[in-house]
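Comments concern the structure below.
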Amino acid sequence: MEFGIITARIDEIGYITHAENLGYTHCWVTDSQMLRSNCFAVLALAAQQTRAMKLGTGVSVAGLRLAPVTANGIATINRIAPGRTFLAVGTGNTAMRLMGQPPMRIKEFAEYLRVVKALIRGEEVDYTLNGRTHPITFQMRNFKYLDMEHYIPLYVAAYGPKAQALAGEIADGLVTGIPRGGSIEDILAHVNAGAARSGRTLENFHITTRINLAILEPGEAVNSERVVQECGPAFMTNVHYLVDRLKETGAEPPDYLKPIWKDYLDFHMRRPPETRHQKLHASHNTYLDPEEARFVTADMIKAFCVVGEPEEVVDQLRALERTGVSQILCNFPLDRSYRMLEDFARDVIEKI
(Lines give C-alpha, C1' and ligand atoms only; values in the text may rest on other atoms or scores of the structure.)
Protein backbone atom coordinates (compact mmCIF):
# COMPACT_ATOMS: atom_id res chain seq x y z
CA MET A 1 0.00 0.00 0.00
CA GLU A 2 1.11 3.56 -0.76
CA PHE A 3 0.66 6.61 1.45
CA GLY A 4 0.21 10.18 0.26
CA ILE A 5 -0.01 13.59 1.88
CA ILE A 6 -2.19 16.58 1.08
CA THR A 7 -0.76 20.08 1.26
CA ALA A 8 -0.96 23.47 -0.46
CA ARG A 9 1.20 26.01 1.35
CA ILE A 10 3.88 27.43 -0.90
CA ASP A 11 6.36 28.32 1.87
CA GLU A 12 6.23 24.80 3.37
CA ILE A 13 7.96 22.78 0.65
CA GLY A 14 10.12 21.36 3.45
CA TYR A 15 7.03 19.56 4.71
CA ILE A 16 6.84 17.73 1.38
CA THR A 17 10.51 16.74 1.37
CA HIS A 18 10.24 15.63 5.00
CA ALA A 19 7.29 13.42 4.06
CA GLU A 20 9.29 11.88 1.21
CA ASN A 21 12.11 11.04 3.62
CA LEU A 22 9.61 9.41 5.99
CA GLY A 23 8.28 7.07 3.31
CA TYR A 24 5.25 8.87 1.90
CA THR A 25 5.08 8.15 -1.82
CA HIS A 26 2.72 10.85 -3.14
CA CYS A 27 2.06 14.54 -2.61
CA TRP A 28 -1.42 15.81 -3.55
CA VAL A 29 -1.64 19.60 -3.78
CA THR A 30 -5.10 21.07 -3.30
CA ASP A 31 -6.66 23.50 -5.76
CA SER A 32 -8.79 26.00 -3.87
CA GLN A 33 -8.21 29.58 -4.91
CA MET A 34 -10.05 31.22 -2.01
CA LEU A 35 -8.20 29.17 0.61
CA ARG A 36 -4.81 27.87 -0.53
CA SER A 37 -1.65 28.75 -2.46
CA ASN A 38 -1.79 28.18 -6.22
CA CYS A 39 -1.46 24.46 -6.81
CA PHE A 40 0.78 24.62 -9.88
CA ALA A 41 3.18 27.04 -8.19
CA VAL A 42 3.47 24.65 -5.23
CA LEU A 43 3.96 21.68 -7.56
CA ALA A 44 6.73 23.45 -9.47
CA LEU A 45 8.70 24.08 -6.28
CA ALA A 46 8.04 20.56 -4.99
CA ALA A 47 9.21 19.07 -8.30
CA GLN A 48 12.58 20.75 -7.88
CA GLN A 49 13.00 19.74 -4.23
CA THR A 50 11.95 16.06 -4.31
CA ARG A 51 13.69 13.04 -5.78
CA ALA A 52 11.24 10.20 -6.33
CA MET A 53 7.92 11.31 -4.81
CA LYS A 54 4.93 11.39 -7.17
CA LEU A 55 3.42 14.88 -7.43
CA GLY A 56 0.01 16.01 -8.60
CA THR A 57 -3.16 17.92 -8.00
CA GLY A 58 -5.32 16.88 -5.10
CA VAL A 59 -7.56 17.78 -6.82
CA SER A 60 -7.67 20.19 -9.76
CA VAL A 61 -11.07 21.88 -9.96
CA ALA A 62 -12.60 21.67 -13.42
CA GLY A 63 -14.60 24.89 -13.15
CA LEU A 64 -11.59 27.09 -12.36
CA ARG A 65 -9.73 26.83 -15.66
CA LEU A 66 -10.22 25.67 -19.23
CA ALA A 67 -9.41 22.04 -19.98
CA PRO A 68 -6.39 22.93 -22.19
CA VAL A 69 -5.01 25.15 -19.40
CA THR A 70 -5.23 22.32 -16.88
CA ALA A 71 -3.56 19.91 -19.31
CA ASN A 72 -0.81 22.46 -19.96
CA GLY A 73 -0.26 22.96 -16.23
CA ILE A 74 0.40 19.33 -15.40
CA ALA A 75 2.42 18.74 -18.59
CA THR A 76 4.61 21.68 -17.56
CA ILE A 77 5.22 20.12 -14.13
CA ASN A 78 5.97 16.85 -15.90
CA ARG A 79 8.80 18.65 -17.70
CA ILE A 80 10.44 19.33 -14.31
CA ALA A 81 9.64 15.94 -12.77
CA PRO A 82 9.27 13.60 -15.77
CA GLY A 83 7.29 10.49 -15.00
CA ARG A 84 6.57 11.64 -11.43
CA THR A 85 3.37 13.59 -12.02
CA PHE A 86 -0.32 12.76 -11.95
CA LEU A 87 -3.46 14.78 -12.54
CA ALA A 88 -6.52 14.32 -10.34
CA VAL A 89 -9.59 16.32 -11.35
CA GLY A 90 -12.87 16.97 -9.54
CA THR A 91 -16.00 19.05 -9.95
CA GLY A 92 -14.96 21.35 -7.11
CA ASN A 93 -17.38 21.49 -4.21
CA THR A 94 -15.49 23.81 -1.86
CA ALA A 95 -13.57 25.85 -4.43
CA MET A 96 -16.73 26.70 -6.35
CA ARG A 97 -19.07 27.17 -3.39
CA LEU A 98 -16.74 29.69 -1.75
CA MET A 99 -17.57 31.87 -4.78
CA GLY A 100 -21.26 31.15 -4.40
CA GLN A 101 -21.23 28.81 -7.41
CA PRO A 102 -22.23 25.14 -7.75
CA PRO A 103 -19.77 22.42 -8.79
CA MET A 104 -19.61 21.40 -12.43
CA ARG A 105 -22.38 19.06 -13.60
CA ILE A 106 -21.50 15.50 -14.55
CA LYS A 107 -22.10 15.86 -18.32
CA GLU A 108 -19.81 18.89 -18.56
CA PHE A 109 -17.30 17.16 -16.31
CA ALA A 110 -17.14 14.12 -18.61
CA GLU A 111 -16.46 16.37 -21.60
CA TYR A 112 -13.79 18.26 -19.66
CA LEU A 113 -12.03 15.00 -18.80
CA ARG A 114 -12.23 13.82 -22.40
CA VAL A 115 -10.36 16.90 -23.62
CA VAL A 116 -7.78 16.87 -20.83
CA LYS A 117 -7.05 13.19 -21.30
CA ALA A 118 -6.50 13.53 -25.04
CA LEU A 119 -4.18 16.52 -24.64
CA ILE A 120 -1.95 14.97 -21.96
CA ARG A 121 -1.68 11.90 -24.22
CA GLY A 122 -0.31 14.15 -26.98
CA GLU A 123 -3.40 13.69 -29.15
CA GLU A 124 -5.54 16.03 -31.22
CA VAL A 125 -9.07 16.50 -29.90
CA ASP A 126 -12.18 18.44 -30.89
CA TYR A 127 -12.70 21.22 -28.36
CA THR A 128 -15.77 23.41 -27.95
CA LEU A 129 -15.60 26.87 -26.40
CA ASN A 130 -18.19 29.66 -26.65
CA GLY A 131 -20.23 27.60 -29.07
CA ARG A 132 -17.35 27.02 -31.50
CA THR A 133 -15.72 23.63 -32.04
CA HIS A 134 -12.22 23.18 -33.48
CA PRO A 135 -9.52 20.50 -33.30
CA ILE A 136 -6.67 21.39 -30.93
CA THR A 137 -3.36 19.82 -29.92
CA PHE A 138 -0.22 21.09 -28.21
CA GLN A 139 2.16 22.74 -30.68
CA MET A 140 5.96 23.15 -30.84
CA ARG A 141 6.55 19.94 -28.92
CA ASN A 142 10.09 19.73 -30.27
CA PHE A 143 11.01 22.73 -28.09
CA LYS A 144 10.12 20.76 -24.92
CA TYR A 145 7.97 23.35 -23.21
CA LEU A 146 5.83 20.45 -22.03
CA ASP A 147 6.33 16.72 -21.45
CA MET A 148 3.71 14.28 -22.68
CA GLU A 149 6.27 11.57 -23.46
CA HIS A 150 6.36 10.45 -19.83
CA TYR A 151 2.93 9.11 -18.96
CA ILE A 152 0.69 11.29 -16.76
CA PRO A 153 -1.97 9.24 -14.95
CA LEU A 154 -5.43 10.82 -14.90
CA TYR A 155 -7.51 10.29 -11.76
CA VAL A 156 -11.10 11.33 -11.13
CA ALA A 157 -12.15 12.62 -7.71
CA ALA A 158 -15.60 11.19 -7.07
CA TYR A 159 -17.89 10.74 -4.10
CA GLY A 160 -21.17 10.01 -5.88
CA PRO A 161 -22.14 6.97 -7.99
CA LYS A 162 -22.20 8.82 -11.33
CA ALA A 163 -18.76 10.34 -10.95
CA GLN A 164 -17.34 7.06 -9.63
CA ALA A 165 -18.70 5.31 -12.72
CA LEU A 166 -17.12 8.03 -14.87
CA ALA A 167 -13.74 7.23 -13.29
CA GLY A 168 -14.17 3.59 -14.31
CA GLU A 169 -15.14 4.66 -17.80
CA ILE A 170 -12.36 7.09 -18.61
CA ALA A 171 -9.60 7.37 -15.99
CA ASP A 172 -6.53 5.58 -14.65
CA GLY A 173 -7.86 5.75 -11.13
CA LEU A 174 -10.32 7.08 -8.60
CA VAL A 175 -9.86 9.41 -5.64
CA THR A 176 -12.58 9.17 -3.02
CA GLY A 177 -13.17 9.04 0.71
CA ILE A 178 -14.67 6.71 3.27
CA PRO A 179 -17.40 6.90 4.50
CA ARG A 180 -18.37 9.97 2.43
CA GLY A 181 -17.92 8.11 -0.86
CA GLY A 182 -19.71 4.99 0.35
CA SER A 183 -18.39 1.55 1.20
CA ILE A 184 -15.52 0.06 -0.79
CA GLU A 185 -17.94 -2.55 -2.10
CA ASP A 186 -20.32 0.12 -3.42
CA ILE A 187 -17.48 2.22 -4.84
CA LEU A 188 -16.07 -0.75 -6.77
CA ALA A 189 -19.53 -1.60 -8.11
CA HIS A 190 -19.90 1.90 -9.54
CA VAL A 191 -16.39 1.91 -11.00
CA ASN A 192 -16.94 -1.48 -12.63
CA ALA A 193 -20.27 -0.32 -14.09
CA GLY A 194 -18.48 2.58 -15.76
CA ALA A 195 -15.74 0.33 -17.08
CA ALA A 196 -18.32 -2.04 -18.55
CA ARG A 197 -20.03 0.89 -20.24
CA SER A 198 -16.88 1.68 -22.20
CA GLY A 199 -15.67 -1.91 -22.62
CA ARG A 200 -12.56 -1.35 -20.49
CA THR A 201 -10.77 -3.67 -18.14
CA LEU A 202 -9.59 -2.24 -14.84
CA GLU A 203 -6.17 -3.82 -14.68
CA ASN A 204 -3.82 -1.52 -12.71
CA PHE A 205 -6.72 0.81 -11.85
CA HIS A 206 -5.55 2.95 -8.91
CA ILE A 207 -7.92 3.57 -5.99
CA THR A 208 -6.86 6.28 -3.57
CA THR A 209 -9.05 6.93 -0.59
CA ARG A 210 -8.97 9.54 2.10
CA ILE A 211 -9.47 7.65 5.34
CA ASN A 212 -9.35 9.62 8.52
CA LEU A 213 -7.26 8.02 11.21
CA ALA A 214 -7.48 8.25 14.98
CA ILE A 215 -4.39 6.57 16.41
CA LEU A 216 -4.89 6.19 20.14
CA GLU A 217 -2.29 6.08 22.85
CA PRO A 218 -2.67 3.24 25.42
CA GLY A 219 -5.83 3.86 27.44
CA GLU A 220 -6.70 7.07 25.59
CA ALA A 221 -10.39 7.91 25.09
CA VAL A 222 -11.70 8.17 21.54
CA ASN A 223 -12.92 11.68 22.25
CA SER A 224 -9.82 12.98 24.03
CA GLU A 225 -8.98 16.60 23.31
CA ARG A 226 -6.01 15.52 21.17
CA VAL A 227 -8.07 13.15 19.02
CA VAL A 228 -10.90 15.67 18.62
CA GLN A 229 -8.45 18.32 17.40
CA GLU A 230 -6.74 15.89 15.01
CA CYS A 231 -9.88 14.31 13.53
CA GLY A 232 -12.27 17.23 13.86
CA PRO A 233 -11.21 19.25 10.79
CA ALA A 234 -11.76 16.34 8.40
CA PHE A 235 -15.01 15.30 10.04
CA MET A 236 -16.46 18.80 9.92
CA THR A 237 -15.37 19.21 6.28
CA ASN A 238 -17.51 16.15 5.56
CA VAL A 239 -20.43 17.79 7.37
CA HIS A 240 -19.96 21.03 5.41
CA TYR A 241 -20.01 19.15 2.10
CA LEU A 242 -23.22 17.36 3.02
CA VAL A 243 -24.95 20.55 4.11
CA ASP A 244 -24.60 21.89 0.56
CA ARG A 245 -25.44 18.63 -1.20
CA LEU A 246 -28.42 17.69 0.90
CA LYS A 247 -29.88 21.21 0.81
CA GLU A 248 -29.96 20.96 -2.97
CA THR A 249 -31.18 17.38 -3.29
CA GLY A 250 -33.43 17.12 -0.26
CA ALA A 251 -31.88 13.75 0.57
CA GLU A 252 -31.47 12.45 4.10
CA PRO A 253 -28.03 12.59 5.73
CA PRO A 254 -26.09 9.33 6.19
CA ASP A 255 -27.01 7.40 9.31
CA TYR A 256 -23.81 8.24 11.15
CA LEU A 257 -24.61 11.99 10.98
CA LYS A 258 -28.26 11.82 12.00
CA PRO A 259 -27.59 12.25 15.77
CA ILE A 260 -26.10 15.74 15.19
CA TRP A 261 -27.74 16.75 11.91
CA LYS A 262 -30.68 18.88 13.09
CA ASP A 263 -28.58 20.60 15.73
CA TYR A 264 -25.88 21.44 13.17
CA LEU A 265 -28.37 22.79 10.62
CA ASP A 266 -29.92 25.02 13.29
CA PHE A 267 -26.44 26.27 14.18
CA HIS A 268 -25.55 26.88 10.53
CA MET A 269 -28.78 28.71 9.67
CA ARG A 270 -28.19 31.24 12.47
CA ARG A 271 -25.24 32.60 10.49
CA PRO A 272 -25.80 35.74 8.35
CA PRO A 273 -27.23 34.54 5.01
CA GLU A 274 -25.03 36.81 2.86
CA THR A 275 -21.79 35.21 4.16
CA ARG A 276 -23.12 31.79 5.13
CA HIS A 277 -21.43 30.11 2.13
CA GLN A 278 -18.05 31.51 3.22
CA LYS A 279 -18.34 30.62 6.89
CA LEU A 280 -19.42 27.05 6.10
CA HIS A 281 -16.11 26.23 4.37
CA ALA A 282 -13.74 28.66 6.12
CA SER A 283 -11.96 25.98 8.19
CA HIS A 284 -11.81 23.49 5.32
CA ASN A 285 -9.57 20.54 6.29
CA THR A 286 -7.20 22.86 8.14
CA TYR A 287 -8.42 23.51 11.67
CA LEU A 288 -11.39 22.80 13.91
CA ASP A 289 -13.63 25.83 14.36
CA PRO A 290 -14.06 26.17 18.17
CA GLU A 291 -17.79 26.78 17.66
CA GLU A 292 -18.08 23.41 15.90
CA ALA A 293 -16.01 21.31 18.29
CA ARG A 294 -19.09 20.12 20.17
CA PHE A 295 -20.27 18.21 17.10
CA VAL A 296 -17.15 15.99 17.09
CA THR A 297 -18.38 13.35 19.52
CA ALA A 298 -16.96 9.91 20.29
CA ASP A 299 -19.71 8.30 18.20
CA MET A 300 -18.96 10.58 15.25
CA ILE A 301 -15.23 9.75 15.42
CA LYS A 302 -15.94 6.02 15.55
CA ALA A 303 -18.29 6.26 12.56
CA PHE A 304 -15.99 8.45 10.49
CA CYS A 305 -12.47 7.24 11.28
CA VAL A 306 -10.29 4.17 11.33
CA VAL A 307 -9.68 4.27 15.06
CA GLY A 308 -7.59 2.31 17.52
CA GLU A 309 -4.10 1.80 18.86
CA PRO A 310 -1.39 1.47 16.17
CA GLU A 311 -1.64 -2.32 15.75
CA GLU A 312 -5.41 -2.10 15.33
CA VAL A 313 -5.11 0.66 12.74
CA VAL A 314 -2.50 -1.35 10.80
CA ASP A 315 -4.83 -4.38 10.74
CA GLN A 316 -7.73 -2.27 9.44
CA LEU A 317 -5.60 -0.72 6.70
CA ARG A 318 -4.35 -4.14 5.61
CA ALA A 319 -7.97 -5.26 5.33
CA LEU A 320 -8.69 -2.25 3.09
CA GLU A 321 -5.69 -3.09 0.95
CA ARG A 322 -7.13 -6.55 0.38
CA THR A 323 -10.32 -4.98 -0.96
CA GLY A 324 -8.38 -3.13 -3.66
CA VAL A 325 -7.40 0.21 -2.08
CA SER A 326 -4.04 1.26 -3.56
CA GLN A 327 -3.25 4.34 -1.49
CA ILE A 328 -4.24 6.04 1.75
CA LEU A 329 -4.40 9.81 1.56
CA CYS A 330 -3.44 11.69 4.72
CA ASN A 331 -4.64 15.23 5.33
CA PHE A 332 -3.29 16.41 8.66
CA PRO A 333 -4.49 19.64 10.36
CA LEU A 334 -2.11 22.52 9.72
CA ASP A 335 -1.04 23.17 13.31
CA ARG A 336 -0.39 19.45 13.93
CA SER A 337 0.88 18.45 10.52
CA TYR A 338 4.56 17.71 11.31
CA ARG A 339 3.80 15.76 14.46
CA MET A 340 1.08 13.68 12.82
CA LEU A 341 3.22 13.14 9.72
CA GLU A 342 5.98 11.66 11.86
CA ASP A 343 3.69 9.72 14.23
CA PHE A 344 1.83 8.08 11.36
CA ALA A 345 5.07 7.16 9.57
CA ARG A 346 6.44 5.55 12.73
CA ASP A 347 3.26 3.87 13.97
CA VAL A 348 1.73 2.76 10.66
CA ILE A 349 3.82 3.11 7.49
CA GLU A 350 6.85 1.34 8.95
CA LYS A 351 4.64 -1.59 10.00
CA ILE A 352 2.80 -2.17 6.72
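Counting the residues of the stretch 34-70 that are farther than 29 Å from residue 21 by Cα and in contact (Cβ under 8 Å) with a residue 60 or more places away in the chain gives 4. I'd like to check something: does the stretch 19-28 contain any residue that is among the acidic types (Asp, Glu) and surrounded by fewer than 16 Cβ atoms within 10 Å (Cβ to Cβ)? Checked against the condition, which is being among the acidic types (Asp, Glu) and surrounded by fewer than 16 Cβ atoms within 10 Å (Cβ to Cβ), the stretch 19-28 yields no hits at all. Scoring residue 246 on the criteria (1) aliphatic (A, V, I, L, M); (2) in a helix (DSSP H, G or I); (3) in contact (Cβ under 8 Å) with a residue 12 or more places away in the chain leaves a single failure, condition (3). Looking for something at pLDDT 95 or above, within 17 Å of residue 69 (Cβ to Cβ), surrounded by 14 or more Cβ atoms within 10 Å (Cβ to Cβ) and not assigned by TED's automatic domain parsing to the domain that holds residue 285 - is there at least one such residue anywhere in the stretch 163-177? Within the stretch 163-177, not a single residue is at pLDDT 95 or above, within 17 Å of residue 69 (Cβ to Cβ), surrounded by 14 or more Cβ atoms within 10 Å (Cβ to Cβ) and not assigned by TED's automatic domain parsing to the domain that holds residue 285.
Among the candidates 161, 179, the residue that is within 25 Å of the chain's Cα centre (by Cα), within 29 Å of residue 254 (Cβ to Cβ) and in contact (Cβ under 8 Å) with a residue 40 or more places away in the chain is uniquely 179. Against the test of being at pLDDT 95 or above, over 18 Å from residue 176 (Cα atoms), touching an Asp or Glu at 6+ places or on another chain (Cβ under 7 Å) and surrounded by 15 or more Cβ atoms within 10 Å (Cβ to Cβ), the options 333, 310 yield a single qualifying residue, 310. Quick check on residue 234: is it out of contact with any Cys (no Cβ under 6 Å at 6 or more places or on another chain) and at pLDDT below 95? Yes. A search for C-beta distances below 6 Å between a residue of the stretch 100-119 that is in contact (Cβ under 8 Å) with a residue 12 or more places away in the chain and any residue that is among the basic types (Lys, Arg), counting only pairs 6+ apart in sequence or on different chains, returns 106/162.
Among the residues of the stretch 227-283, count how many are more than 20 Å from the chain's Cα centre (by Cα) and of a type in the set (Phe, Trp, Tyr). Qualifying residue count, the stretch 227-283: 4. Exactly one residue among 263, 343 is surrounded by 13 or more Cβ atoms within 10 Å (Cβ to Cβ) and among the charged types (D, E, K, R), and that residue is 343. Somewhere in the stretch 132-150, is a residue closer than 19 Å to residue 160 by Cβ and in contact (Cβ under 8 Å) with a residue 60 or more places away in the chain? Among the residues of the stretch 132-150, not one is closer than 19 Å to residue 160 by Cβ and in contact (Cβ under 8 Å) with a residue 60 or more places away in the chain, which makes the answer no.
Residue-level analysis places residue 156 outside the set of residues that are part of a helix (DSSP H, G or I) and either surrounded by 14 or more Cβ atoms within 10 Å (Cβ to Cβ) or touching a Ser or Thr at 6+ places or on another chain (Cβ under 7 Å) (or both).
Restricting 118, 71 to residues that are modelled with pLDDT of 95 or more and either under 21 Å from the mean Cα position of the chain (by Cα) or in the same structural domain as residue 242 (by TED's automatic domain parsing) (or both) narrows the list to 71. Applying the criterion of being assigned to a loop (DSSP other than H, G, I, E, B) and without any contact (Cβ under 8 Å) to a residue 24 or more places away in the chain to the residues of the stretch 205-230, the residue that is surrounded by the fewest Cβ atoms within 10 Å (Cβ to Cβ) is 219. Can you confirm whether the stretch 251-262 contains a residue that is farther than 23 Å from residue 88 by Cβ and in contact with a Cys (Cβ under 8 Å, 6 or more places away or on another chain)? Checked against the condition, which is being farther than 23 Å from residue 88 by Cβ and in contact with a Cys (Cβ under 8 Å, 6 or more places away or on another chain), the stretch 251-262 yields no hits at all.
Rundown of residues vs (1) touching a strand residue (DSSP E or B) at 6+ places or on another chain (Cβ under 6 Å); (2) within 21 Å of residue 178 (Cβ to Cβ); (3) at pLDDT 95 or above; (4) surrounded by 14 or more Cβ atoms within 10 Å (Cβ to Cβ), yes/no style:
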{"site": "247", "(1), (2), (3), (4)": "no, no, no, no"}
{"site": "254", "(1), (2), (3), (4)": "no, yes, no, yes"}
{"site": "257", "(1), (2), (3), (4)": "no, yes, no, yes"}
{"site": "282", "(1), (2), (3), (4)": "no, no, no, yes"}
{"site": "285", "(1), (2), (3), (4)": "no, yes, no, yes"}
{"site": "290", "(1), (2), (3), (4)": "no, no, yes, no"}
{"site": "305", "(1), (2), (3), (4)": "yes, yes, no, yes"}
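Across the stretch 7-23, what is the number of residues that are closer than 22 Å to residue 348 by Cα and either modelled with pLDDT under 95 or more than 16 Å from the chain's Cα centre (by Cα) (or both)? The number of residues fulfilling the criteria is 10. Pairs are defined by a Cβ separation below 8 Å, a sequence spacing of at least 6 or placement on different chains, a first member in the stretch 318-344 that is outside the structural domain of residue 233 (by TED's automatic domain parsing) and of a type in the set (Val, Ile, Thr), and a second member that is surrounded by fewer than 13 Cβ atoms within 10 Å (Cβ to Cβ) and part of a helix (DSSP H, G or I); the pairs so defined are 323/185.
The values are calculated or read from the model by the stated rules, or taken from the named source; none is laboratory data. It should be emphasised that the depicted structure is a prediction, and the values quoted were computed from it without experimental measurement. Ideal geometry is used to build each Cβ from the backbone, glycine not excepted, and the neighbour counts take in all protein chains shown.
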